Each structure stands twice: as structure tokens, then as C-alpha cells.
Amino acid sequence: MSARIKNLFTLLFILASGLTGHSPLAETVLITGSNQGIGLEFARQYAARGWTVIATHRRETTPDSLAQLAAEFPQVRIERMDVTDAAQIEGLGAKLKGMPIDVLLNNAGMVRTDPLDQPGGNANQLFGTLDYKLLDDFIHTNVAGPLKICETFIENVKASKQKKIVAISSAAGTITMPPFMPNGAPIPDHYWYRISKTALNSAMRLLSAQFKGDGVTVVMFHPGGVKVESFGDLDIPGLESPEAAIGKMIRTIDGLNLKDSGRFLQNDGKDQPW
Ligand SMILES: NC(=O)c1ccc[n+]([C@@H]2O[C@H](COP(=O)([O-])OP(=O)(O)OC[C@H]3O[C@@H](n4cnc5c(N)ncnc54)[C@H](OP(=O)(O)O)[C@@H]3O)[C@@H](O)[C@H]2O)c1
């Protein structure tokens with residue numbers, strides 16, 4: 001390529017970036033619940049590799065974690081989106097109309113209402129003291145939210161190069177194996193969480209069938225046991241650091257193609273039992 005043509009391309013690139021605030025060559029990821037835990041680490045690692053990151057959160061004011069990330073990486077764009085709020089989802093959809101989204105990452109999730117180590121906590125998800133109203137919150141957050149986000153941003157995904165939809169599910173949604181601890185003790189806890197992640201998997205399988213013809217790859221992950229801030233000081237054996245677990249998931253996402261659509265994966269790309 002002659003130097004003159006190269007310069008012309010560079011000029012066009014700079015002009016396009018300046019007009020849209022978005023590099024036309026870099027890939028884009030939209031992440032829900034990106035202000036802490038797994039979502040924040042995804043935002044950090046995608047930003048560090050030069051992607052445009054639409055980092056969404058549900059807080060009334062911009063979380064410090066994201067403000068710091070955006071100060072470090074100018075291509076991080078912070079947006080408010082509660083995944084249970086249809087108006088906020090549609091509002092962001094309208095704002096991002098026409099912007100290709102290579103990876104739509106449904107990460108935000110509701111796991112429990114009380115800290116894991118609170119004595120007597122989370123009885124609202126134990127048989128005998130189940131809080132049936134709480135099931136609505138779980139379904140809205142973990143199932144209807146991701147579906148509504150997929151409905152809203154599907155054209156952005158289709159318009160992208162990679163065309164990938166990822167849902168962070170959980171081994172808690174696995175129903176082909178009993179929910180036992182490694183020592184064989186039954187753990188019939190977190191009823192609503194487990195049920196909602198099984199339902200999320202069903203929703204994503206439907207999507208994978210619906211959009212395979214459009215070249216869209218849809219997968220679910222069990223991210224592994226990942227030591228996030230919300231676990232507090234609990235010493236749970238076998239947890240991975242967010243850096244390691246998310247690094248593996250990003251490498252797995254990089255390598256996905258349409259043949260993988262509909263799979264339920266572990267962070268290293270192996271199959272997670274349904
Ligand atoms: N960590 C693990 O070992 C593990 C294992 C299996 C699956 N997962 C899954 O991984 C995902 C991330 O969890 P995590 O471990 O990183 O937990 P986390 O640290 O508690 O983060 C959850 C994130 O979701 C956000 N969120 C919750 N409800 C929301 C809503 N209605 N709208 C928008 N954002 C909302 C939270 O926002 P706020 O900060 O405002 O609450 C937070 O940013 C979840 O789907 C979880 O089920 C985690």
C-alpha cells in the first residue's frame with residue numbers, strides 16, 4: 001500500500017473516531033453489572049486490550065470503580081442500566097442505535113439477599129421458609145432482564161464482526177447432577193437462585209436456535225467459583241481470582257464460533273453439565 005493511501009486511511013480513522021467517540025476498528029463489548037465483581041474484571045480486561053467497553057451499572061450515581069476505570073481507559077463508556085427497568089434498557093438501546101456490539105455480556109445477577117456468612121441469613125431461599133414474592137425479583141433480574149437486553153440490542157450484535165451473546169449463568173443452574181458438596185452433604189439451598197439460572201439457560205438456548213441463521217453465537221458460562229468482594233472474608237476452598245477466571249473466559253469467548261452456539265461452558269471452554 002502506498003504511503004499516501006495509508007495516510008488517507010489513518011485520516012479517515014481519526015475523523016470517524018472523533019465523530020462517534022468510538023473507534024470504528026476496535027471491537028465493542030457491552031457488560032451488565034460491571035461496577036464490581038466479575039463484571040468489573042471483564043470491563044477491566046477488555047479495556048486493557050483496547051476494546052470499546054460499554055460498562056453498565058444500576059446505581060443512581062456513577063460508581064467509583066467505573067469512574068476510575070474510565071479515567072485510565074478513555075474508551076470505557078459508563079451507562080446506567082438496571083436490568084429490571086425496561087425504560088432504562090430501551091433508553092440505552094435508542095442511544096446506542098447503529099453501534100455494532102461484538103460481545104453482549106449479560107453478567108448482572110441476583111444471588112442472595114443476605115451476606116453468605118450471616119447466621120440464619122437467606123432463609124427466604126430455603127424450603128420451609130421460602131419467600132415466594134422474592135422469586136419475582138430473581139426472575140426479573142436473572143431471566144427477564146437478560147432476555148429484554150438481548151431483544152433490545154440484537155440488531156447491534158448482528159451488525160458487529162463477532163456477533164456473540166454471552167450469559168453468565170452458574171453451575172447452580174445444573175439439574176443433571178445433585179446439588180451436593182464435595183463431601184457428599186446435600187446443599188438444598190438458594191432455591192430461587194438455582195431455579196432462575198436453570199431458566200436463564202433455557203432462555204439462552206431458545207435464543208441460540210432463533211439467531212443461528214443470522215450468524216449469532218449464544219453461550220452460557222459457569223464462571224467457576226470466583227472470589228468476588230461480595231463473598232466478604234469467607235474462606236471457601238477452590239475459589240479462583242477474578243483475574244484468572246475472567247482471563248480464561250475472555251480467551252474462550254475469543255475462540256467461539258457458530259458451532260458453539262447453545263453450549264453451556266466452564267471458564268476454560270469445557271462443557272458444563274446441564
Ligand atoms: N462469583 C462466583 O463465584 C459466581 C459463580 C457462579 C455464577 N456467578 C454469576 O456471575 C455474575 C456476577 O456475579 P458476581 O459474583 O460478580 O457478584 P457481585 O459481585 O455481587 O456482582 C453482581 C453485579 O450485578 C449487579 N446487579 C444486580 N442486580 C442488578 C440489576 N437489577 N441491574 C443491574 N445490575 C445488577 C450488581 O450491582 P450492584 O453492585 O448495584 O448490586 C453487581 O454489579 C452473576 O450472574 C452470578 O450469578 C458468580
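Derivation of every value follows stated rules applied to the coordinates shown; laboratory data play no part. These numbers come from a predicted model, not from an experiment. Don't worry about glycine lacking a Cβ; one is built from the backbone with ideal geometry, like all the others, and counts go over all protein chains shown.
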Derived scalar couplings ³J(HN,Hα) [segment 106-116; Karplus, 6.51 cos²θ - 1.76 cosθ + 1.60; whole Hz; x for Gly, Pro]:
7, 10, 3, x, 9, 10, 7, 9, 10, x, 4
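Can you give the net charge of the other residues whose Cβ lies under 11 Å from the Cβ of D85, counting K and R as +1 and D and E as -1? Spell out each step's value before the answer.
Details: positive: R58, R80, K148; negative: D82, E90.
Net charge in that neighbourhood comes out at +1.
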Sorted by Cβ neighbour density within 10 Å, fewest at the top, the residues S34, S160, S230, S170:
S230, S160, S170, S34
Quick one: what are the phi-derived ³J(HN,Hα) couplings along segment 50-63, Karplus 6.51/-1.76/1.60 with θ = phi - 60°, whole Hz, x for glycine and proline?
x, 6, 7, 10, 8, 9, 9, 8, 10, 6, 5, 10, 4, x
Using alpha-carbon coordinates, inclination of helix 145-158 to the longest axis of the chain, degrees
20 degrees
Around E240, which amide H atoms from residues at least 5 apart in sequence, or from another chain, sit under 5 Å from its own amide H, with H modelled in the peptide plane?
G225, V226, K227
Between L256 and residues 5 or more places away or on another chain, the pairs with built amide H atoms under 5 Å apart involve none
Farthest positive-ward along the chain dipole, Cα basis, beta-carbon charges - from A47, A199, S160:
S160
Efficiency of FRET from Cβ geometry, K212 and I187, R₀ 41 Å, rounded to 0.05:
0.70
Beyond 24 Å between alpha-carbons counts as too far, so tell me which of K95/K158; K95/K212; K163/K227; K133/K212; K148/K227; K97/K227 fall in that bin.
K95/K212; K163/K227; K133/K212; K148/K227; K97/K227
Sequence order, segment 165-175: Karplus ³J(HN,Hα) from phi using 6.51 cos²θ - 1.76 cosθ + 1.60, θ = phi - 60°, Hz rounded, Gly and Pro as x, gives 10, 10, 10, 7, 9, 6, 4, 4, x, 5, 10
Per-residue [θ]222 nm for the chain (sum of -39500 (n - 2.57) over DSSP H runs n ≥ 4, rounded to 500)
-12000 deg cm²/dmol
Per-selection Rg to Rh, the chain - Cα, Kirkwood hydrodynamic radius
0.99
Place the peptides 138-149, 118-129 in order of packing, highest mean first, counting for every residue the other Cβ atoms within 10 Å and averaging per peptide.
138-149, 118-129
Cβ-placed point charges (K, R +1; D, E -1), dipole of the chain about Cα centre in debye, nearest 20
1200 debye
